[in-house]
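A.B. asks: Below you'll find the structure I mean.
The values are calculated or read from the model by the stated rules, or taken from the named source; none is laboratory data. Just so we're clear, the structure is a prediction, and the values are computed from it rather than from any experiment. Because the Cβ atoms are built from the backbone with ideal geometry, glycine has one as well, and the counts that use them run over all protein chains shown.
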Amino acid sequence: MACRLAWLGILMASVGGTAQAQDRVQIAPAGNKVQLTLSTPVSEKEYLLESQARLVEGEEWAPLLRFRASKTPRPYLDSICGNADSRFFRLRQLLDAPAPEVSNFRLIDTDGNAHELYYQKPALAVLLVLAGANLESVAPFSAELDRVRKLVGPDNLPTWIISATETSERDSIAGLAKTFPPDVRVLQDPSQAVHRTLGSGSAAEVVLISTVDWSVAYRGPIEENINTGASVVQTRPLADAVSELVGNKPISLSRVAMDCGTAGIQPVEPAKYAAVIAPMLLKSCMPCHSPGNIAPWAMTSHAVILEFSKLMKSAVLAGEMPPWHADSRYQHFSNSKALASREMASLVDWIDRGSPRGDGPDPLAVAQQQPLPDWPLGKPDAVVSIDPQDIPASGTIDYVYLFAKSPFPNDVWLQAVSVKPGERSVVHHCLVFKGGSLKELLALQGGLSGYFAGYVPGMDDVPFPAGTGKLLKKTDTIVFQMHYTASGKAATDRTQIGFYLAPSKPASELVTTAAYNTKFSIPPLTAESKVDASRTFARKSMIYELSPHMHFRGSRARFTLVYPDSTSEVLLNVPSYFFNWQALYRLTTPKVVPAGTKLICDGAFDNSTQNRFNPDPLATVTFGEQSWEEMFIGYVNFSEVQ
């Protein structure tokens with residue numbers, strides 16, 4: 001809803017002069033600052049004090065103070081930034097000014113764990129301390145932060161110190177992060193988008209977010225010592241706001257502007273839609289957000305983007321889109337879909353500016369003229385189809401196993417295999433196995449020990465890593481494991497598998513295997529139920545790809561190598577696992593490991609009510625094939641080094 005404003009007048013004063021208007025505002029110089037004393041009628045009305053360095057039509061007024069009327073005059077000192085020789089102020093009464101909702105976001109802390117804003121709902125509020133590029137800026141306020149947190153208890157006020165540093169700097173700030181209490185987490189904001197969206201650019205600015213409606217209850221300094229010349233007035237605006245929030249009272253002072261920006265936040269050059277934003281969307285979003293594809297809506301024009309822009313901002317800041325969930329602190333992956341920090345910053349800034357269309361043709365509209373390929377890797381050398389499967393509109397559907405023979409008269413080496421669902425709306429996943437005997441097929445344990453090919457939502461069709469291939473013998477039986485889920489509408493599926501022949505025998509055979517755990521038990525209403533599994537490489541091997549697999553309660557997964565000399569290395573960290581977007585993470589540089597190296601997969605399940613995907617938080621959950629049960633599998637593609 002747009003705000004309706006009542007004007008009390010524009011109050012103007014030169015930096016070197018004095019002015020007052022209707023006894024509501026007294027303005028006087030105070031060194032290199034402007035002192036304002038605000039007197040307002042006693043009522044429940046809110047007021048907004050704003051300033052400009054000059055009166056220019058169309059120039060934005062900077063908000064200084066948002067407050068409710070009180071019996072006593074309210075002092076405020078405004079810093080004069082730059083070389084301004086004048087300062088203009090206006091005071092507005094806000095007749096209807098609900099605070100806007102803060103977009104969801106997810107950031108990673110110095111231990112590699114993810115923290116999501118909207119996940120904190122049971123707490124009263126979330127306290128963000130925007131430290132910018134300098135964590136030391138928070139240290140002087142540690143005592144006051146502790147005092148504020150004790151007002152409600154740490155569980156009711158999760159406190160995050162946000163550092164505007166790149167993930168590559170995580171180790172350098174980890175030591176300083178440990179000087180804060182263990183339940184105060186230091187999170188990284190590598191794109192600085194959270195800082196720009198919520199802050200003003202000053203270090204140690206705090207943002208208090210109410211979980212009732214995800215609005216900003218208070219933004220400004222932690223504490224202030226206002227030197228008016230005649231006396232020093234000490235205020236604790238953050239503590240006051242928290243106390244009022246606890247008492248379910250209106251916030252009397254919800255915004256206090258801080259001094260000129262010192263947080264080291266880099267400005268973002270405004271990006272144009274046709275030249276920057278649309279090409280970015282074409283590269284990172286259109287592969288799924290196109291007509292007839294897997295995404296729920298298609299990016300067909302700027303008008304559609306404008307309609308979904310707020311949803312896009314939330315999804316990007318929360319790390320849900322583009323669907324790439326690897327922590328960039330560790331290895332690099334050649335198939336990464338992640339936006340670079342500068343790309344995310346440009347996109348969020350463009351959305352915050354209202355998603356302007358600008359000039360030029362609409363690249364998204366032009367792209368719709370290109371038909372989707374039937375097979376993304378090109379026409380296969382051979383195709384095998386399952387018999388049509390009729391899927392009911394509702395109910396539980398057991399796994400279906402379907403059998404076929406190799407389509408080739410001879411043994412062949414393959415450079416790629418592509419599984420194409422016939423009806424994506426009901427195909428939960430498809431794993432394909434192959435083997436020359438029942439014993440060989442049973443050894444795969446329904447996918448626990450590996451698979452030949454597969455389809456899961458979010459996994460792209462790609463050729464096997466260079467120099468590798470998979471062998472399909474003419475005597476092999478091909479087994480399709482089909483997991484269907486009812487979509488509310490009856491459907492018929494006929495999944496196909498396409499085979500791509502290698503031009504010659506590859507240097508190495510690609511092996512898909514896994515570390516897995518089937519012995520876990522997840523208690524009800526538990527947010528963190530840890531799990532792990534491991535496997536050891538019997539021979540010197542080269543690791544190419546990794547992929548974790550869990551169901552709806554899966555929250556995180558990590559792959560760590562432990563070498564024979566007991567040193568270790570993190571290969572993949574997925575701080576936020578999404579069941580609906582499962583990726584195969586391909587290392588840019590394959591990892592050679594000596595014989596005896598152990599691959600450890602550890603992770604956690606979230607069986608709490610905060611997990612919005614949880615089928616039943618009251619259930620005790622064990623291993624099982626259905627999505628309301630759980631799995632913990634760490635797939636790895638490797639070859640043995642001869």
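A.B. asks: Can you name the residue in the stretch 525-536 that is on the phi < 0 side of the Ramachandran plot and out of contact with any Gly (no Cβ under 7 Å at 6 or more places or on another chain) and, of all such residues, is surrounded by the most Cβ atoms within 10 Å (Cβ to Cβ)?
C.D. replies: Here is the first cut: in the stretch 525-536, the residues on the phi < 0 side of the Ramachandran plot are 526-536.
Next cut, out of contact with any Gly (no Cβ under 7 Å at 6 or more places or on another chain) only: 526-530, 532, 534-535.
Numbers: T526: 16, A527: 15, E528: 12, S529: 19, K530: 10, D532: 17, S534: 15, R535: 17.
Step by step, filter the stretch 525-536, then rank; the result is S529.
A.B. asks: I need the full set of residues from the stretch 332-343 which are of a type in the set (A, V, I, L, M, F, W, C) and either modelled with pLDDT of 95 or more or farther than 14 Å from L281 by Cα (or both), in order please.
C.D. replies: Within the stretch 332-343, just F333 meets the criteria.
A.B. asks: Looking only at residues in the stretch 82-109 that are farther than 23 Å from I162 by Cβ, within 38 Å of the chain's Cα centre (by Cα) and assigned to a loop (DSSP other than H, G, I, E, B), which one is modelled with the highest pLDDT?
C.D. replies: The extreme case among them is P98.
A.B. asks: Further, regarding this structure: What number of residues in the stretch 386-401 are over 35 Å from the mean Cα position of the chain (by Cα) and surrounded by 15 or more Cβ atoms within 10 Å (Cβ to Cβ)?
C.D. replies: Residues in the stretch 386-401 being over 35 Å from the mean Cα position of the chain (by Cα) and surrounded by 15 or more Cβ atoms within 10 Å (Cβ to Cβ): 2 in total.
A.B. asks: Those residues that are in contact with a helix residue (DSSP H, G or I) (Cβ under 6 Å, 6 or more places away or on another chain), within 28 Å of L151 (Cβ to Cβ) and assigned to a helix (DSSP H, G or I), I need them from the stretch 174-211; list them, please.
C.D. replies: Scanning the stretch 174-211 gives a single hit, L176.
A.B. asks: Sticking with this one: Residues being more than 18 Å from F464 (Cβ to Cβ) and either touching a helix residue (DSSP H, G or I) at 6+ places or on another chain (Cβ under 7 Å) or assigned to a strand (DSSP E or B) (or both): count how many of those fall in the stretch 415-429. Give the derivation first.
C.D. replies: So in the stretch 415-429, the residues more than 18 Å from F464 (Cβ to Cβ) come out as 421-429.
Filter again for either touching a helix residue (DSSP H, G or I) at 6+ places or on another chain (Cβ under 7 Å) or assigned to a strand (DSSP E or B) (or both), leaving 427-429.
Number satisfying all stated conditions: 3.
A.B. asks: Among (1) within 21 Å of S627 (Cβ to Cβ); (2) assigned to a loop (DSSP other than H, G, I, E, B); (3) aromatic (F, W, Y), there is one condition F480 misses while meeting the rest; what is its number?
C.D. replies: If we test F480 against (1) within 21 Å of S627 (Cβ to Cβ); (2) assigned to a loop (DSSP other than H, G, I, E, B); (3) aromatic (F, W, Y), just (2) comes out false.
A.B. asks: So, one more: Testing L448 on (1) touching an Asp or Glu at 6+ places or on another chain (Cβ under 7 Å); (2) not assigned by TED's automatic domain parsing to the domain that holds S627, one condition comes back false. Which one is that?
C.D. replies: In the conditions (1) touching an Asp or Glu at 6+ places or on another chain (Cβ under 7 Å); (2) not assigned by TED's automatic domain parsing to the domain that holds S627, L448 misses (1) alone.
A.B. asks: Within the set of pairs 6+ apart or on separate chains, which have a first residue in the stretch 620-638 that is over 30 Å from P506 (Cβ atoms), a second that is crowded, with 20+ Cβ neighbours inside 10 Å and among the hydroxyl-bearing types (S, T, Y), and C-beta atoms under 7 Å apart?
C.D. replies: F632/Y516
A.B. asks: Of all residues in the stretch 351-373, how many are surrounded by 11 or more Cβ atoms within 10 Å (Cβ to Cβ) and free of Cβ contacts under 8 Å to residues at least 60 places away in the same chain? Don't jump to the end; show me each part of the working.
C.D. replies: Let us first name the residues in the stretch 351-373 that are surrounded by 11 or more Cβ atoms within 10 Å (Cβ to Cβ), namely 351-353, 355-358, 360, 362-368.
Next, only the ones that are free of Cβ contacts under 8 Å to residues at least 60 places away in the same chain stay: 351, 366.
Number satisfying all stated conditions: 2.
A.B. asks: A follow-up question, please. Give the residues of the stretch 601-642 that are buried (at least 17 other Cβ atoms within 10 Å of the Cβ) and either outside the structural domain of P524 (by TED's automatic domain parsing) or touching a Leu at 6+ places or on another chain (Cβ under 8 Å) (or both), sorted by residue number.
C.D. replies: N607, S608, P617, I633, G634, Y635, V636, N637, F638, S639
A.B. asks: Restricting attention to the stretch 30-44, which residues are in a loop (DSSP other than H, G, I, E, B) and either modelled with pLDDT of 80 or more or surrounded by 14 or more Cβ atoms within 10 Å (Cβ to Cβ) (or both)? Spell out the reasoning first.
C.D. replies: Taking the stretch 30-44 as the starting set, the residues that turn out to be in a loop (DSSP other than H, G, I, E, B) are 31-32, 39-44.
Matches in the stretch 30-44: S39, T40.
A.B. asks: Another question about this same structure. (1) modelled with pLDDT under 95; (2) over 29 Å from N573 (Cα atoms): which one isn't true of S328, the others all being true?
C.D. replies: (2)
Yes/no matrix, rows are residues, columns are (1) in the same structural domain as L124 (by TED's automatic domain parsing); (2) not in a loop (DSSP other than H, G, I, E, B):
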site: Q234; (1), (2): yes, yes
site: E244; (1), (2): yes, yes
site: P250; (1), (2): yes, no
site: V268; (1), (2): no, no
site: S290; (1), (2): no, no
site: P296; (1), (2): no, no
site: I305; (1), (2): no, yes
site: G319; (1), (2): no, no
site: A326; (1), (2): no, no
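A.B. asks: Could you list, in sequence order, all residues of the stretch 332-348 that are surrounded by 20 or more Cβ atoms within 10 Å (Cβ to Cβ) and assigned to a loop (DSSP other than H, G, I, E, B)?
C.D. replies: K337, L339
A.B. asks: Moving on to the next point. Any chance you could count how many residues in the stretch 539-589 are crowded, with 23+ Cβ neighbours inside 10 Å and among the acidic types (D, E)?
C.D. replies: 1
A.B. asks: Next question. Within the stretch 243-268, track down each residue that is free of Cβ contacts under 8 Å to residues at least 60 places away in the same chain and over 30 Å from T72 (Cβ atoms). Even if it seems obvious, please write down each step before you answer.
C.D. replies: Step one: list which residues in the stretch 243-268 are free of Cβ contacts under 8 Å to residues at least 60 places away in the same chain, which gives 244, 247-249, 258, 267.
The answer is P267, and nothing else.
A.B. asks: Within the stretch 444-476, which residues are among the acidic types (D, E) and either at pLDDT below 90 or in a strand (DSSP E or B) (or both)?
C.D. replies: Residues of the stretch 444-476 that are among the acidic types (D, E), as a first pass: 460-461, 476.
Within the stretch 444-476, D460, D461 meet the criteria.
A.B. asks: Could I ask something else about it? Of everything in the stretch 565-607 that's polar (S, T, N, Q) and either touching a Phe, Trp or Tyr at 6+ places or on another chain (Cβ under 9 Å) or outside any loop (DSSP other than H, G, I, E, B) (or both), which residue is nearest to F537 (Cα to Cα)? Quick ask: steps written out before the conclusion?
C.D. replies: Within the stretch 565-607, the first condition is being polar (S, T, N, Q), and the residues that meet it are 566-568, 573, 576, 580, 582, 588-589, 597, 607.
Pick out the ones that are also either touching a Phe, Trp or Tyr at 6+ places or on another chain (Cβ under 9 Å) or outside any loop (DSSP other than H, G, I, E, B) (or both) and you get 568, 573, 580, 588-589, 597.
Values: S568: 15, N573: 20, N580: 30, T588: 21, T589: 19, T597: 6 Å.
Taking the candidates together, the pick is T597.
A.B. asks: Check Q481, Q445 and return the single one that is in contact with a Cys (Cβ under 9 Å, 6 or more places away or on another chain) and closer than 25 Å to Y401 by Cβ.
C.D. replies: So the residue among Q481, Q445 that is in contact with a Cys (Cβ under 9 Å, 6 or more places away or on another chain) and closer than 25 Å to Y401 by Cβ is Q481.
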